[in-house]
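Enquirer: Sharing a structure, written as structure tokens. Questions coming.
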Amino acid sequence: MQSISGAVTKQIAHRALILERNSPSLLFGAGIVGVVSSTVLACRATLKMQDVLEDTQRKLNTAKTLEHDDYSEKDRQRDITLIHVQSGARIVRLYTPAILVGGASIAALTRSHNILNERNAALTAAYAALDKGFKEYRQRVVEKYGEDQDQEFRHGGREVEIIEDGEKKTVTRVGDDDPSIYARFFDPLSPSWSKEPEYNRIFLQCQQSYANDLLLARGHVFLNEVYDMLGVPRSRAGSIVGWIVTPDDASDNHIDFGIFNPYDHTIRDFVNGREGSILLDFNVDGIIYDKIDTPTESPSWQMSN
């Protein structure tokens, strides 16, 4: 009996969790249905309004034109007021269903929006904490083993044989197979790509310079904005990560496309004009969506003398 009870409780908890997870979508759907329903109810109430207005006008005409020795002017004003109050009550009753459904719909839509905002804030905080810990870890690796070892630990490496000064040597290639999640190919799929490799290199350098000018002028640049400059597809992460100007050493205050990455030997062919396409890996600062409202010191060239 206890096992059956436990199974039922587990199923109920599981269903409740599913409902909670999908609550924004359910509330949003209920809100849309409610808005449509309230509109329909309001239209129906409006159709009945004419009868109410005609009945009210008929009663008012009777009260205003009634003449009787026992019917004083005070009685007339009292009846007119009573007719207006009763008419108002009937109108309120007509529109009450539409008002209640509309209010509930707005509440559902508002709650759906608030839940999504709370979840986005929690995800942003979790990612920011993870990103901060990862950067601190890499900094400790660089301090202890050097930048070369940090790049090898991060991107992996493989041993290859090369001929240098007529002698065969074994070296470790780093960064060939493990770009970051923000990396994008600049290739013929981009409308800005050219068959001339030299043009592509100049174009990327100019776009990088423009992105840095925009960063200094505005204080922040989102990764998706850089994607747009290059004509490559946007990403979900690109709408919240990017670069931001900070007065301390929290960021580089510089945008780098990775055109001259010394740890990727394949880039040398692009820089030397032997290859027209390149895999760009951007040095994003991390999530900046929650930081762009934070006041930062103006760049030196913007400060008044």
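Enquirer: Would you report the distance distribution of C-alpha pairs in region 2-115 as whole percents per 10 angstrom bin, up to the bin with the largest distance?
Expert: Computed distribution, short to long bins: 13, 23, 18, 16, 13, 9, 6, 3, 0.
Enquirer: Sorting VAL33, VAL245 on the 10 Å Cβ count, fewest up front, what's the list?
Expert: By the 10 Å Cβ count, ascending, the order reads VAL33, VAL245.
Enquirer: Sticking with this one: Modelled label-to-label distance, ARG218 and ASP51, 7 Å Cα→beta-carbon offset: nm?
Expert: 5.9
Enquirer: Let me ask something else about it. Between GLU198 and GLN139, take the C-beta separation as r, use R0 = 35 Å, and let me know the FRET efficiency to the nearest 0.05. Provide the component values of the computation, followed by the final result.
Expert: Numbers: r = 37 Å, r/R0 = 1.06.
According to the calculation, E is roughly 0.40.
Enquirer: A further question on this structure: Multiplying the sequence separation of GLU67 and ILE80 by 0.36 nm and subtracting their Cα-Cα distance, what value in nm do you get?
Expert: Difference between extended and current length: 3.2 nm.
Enquirer: What FRET efficiency do you get for ALA42 and SER180 if R0 is 41 Å and r is their Cβ-Cβ distance, rounded to the nearest 0.05?
Expert: Efficiency, from the Cβ-Cβ distance: 0.15.
Enquirer: What is the gain in length, in nm to one decimal, between SER239 and THR96 on full extension, counting 0.36 nm per residue of separation less the C-alpha to C-alpha distance?
Expert: Fully extending the segment from SER239 to THR96 adds 47.2 nm.
Enquirer: Report the gain in length on full extension from LEU26 to PHE260: 0.36 nm times residue separation, minus Cα-Cα distance, nm rounded to one decimal.
Expert: Additional length available on full extension: 79.3 nm.
Bear in mind these aren't lab numbers, they're just calculated from the coordinates by the rules spelled out. Not measured: the values here are computed from a predicted model. Because the Cβ atoms are built from the backbone with ideal geometry, glycine has one as well, and the counts that use them run over all protein chains shown.
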